[in-house]
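The values are calculated or read from the model by the stated rules, or taken from the named source; none is laboratory data. Here the structure is a predicted model, which is why all the values come from computation and not from measurement. As a convention, Cβ positions derive from the backbone with ideal geometry for all residues, glycine included, and neighbour counts pool all protein chains shown. Protein only, heavy atoms only, side chains kept; ligands, DNA and RNA dropped before computing areas. Shrake-Rupley method; radii C 1.70, N 1.55, O 1.52, S 1.80 Å.
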Amino acid sequence: MTKSRNVLASELFTLRSTLPLWRRQLGGESEFSEFLHGRIDRLLSEAGADDRHYVLTHVNQMLATHGLDRQYS
């Protein structure tokens, strides 16, 4: 089921704001990376065709801001 842009924006904001906490909380970088990319994949799967670019733009900006090297397309 696709989510509205408002719901996606809310989930992106939540992910962005809690990212530093998850990074410290999870055991290591591999566990953190697995968790993060699982959340991002879920967000992308829930975005409709019109909102996919919106989610990708915000996800890639978030990853770059936090010094993570993987980019989505």
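Please report the carbon-and-sulfur percent of the accessible area for the chain; probe 1.4 Å, protein heavy atoms only, DNA, RNA and ligands left out.
53
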With each run of n ≥ 4 DSSP H residues scored as -39500 (n - 2.57), what mean residue ellipticity at 222 nm is computed for the chain after dividing by its residue count and rounding to the nearest 500 deg cm²/dmol?
-24500 deg cm²/dmol
Among all helices in the chain defined by DSSP H, which have a length of 27 Å or more along the axis from Cα atoms plus a Kyte-Doolittle mean of at least -1.0?
5-25
Under a GNM of the chain (C-alpha, springs under 10 Å), which listed residue has the highest mean-square fluctuation: 31, 46, 11?
31
Please work out the average accessible area per residue across the chain, using the 1.4 Å probe convention, and give it in Å².
64
How charged is the neighbourhood of residue 54? Take every other residue with its Cβ under 13 Å from the Cβ of residue 54, and add Lys/Arg as +1 and Asp/Glu as -1.
-1
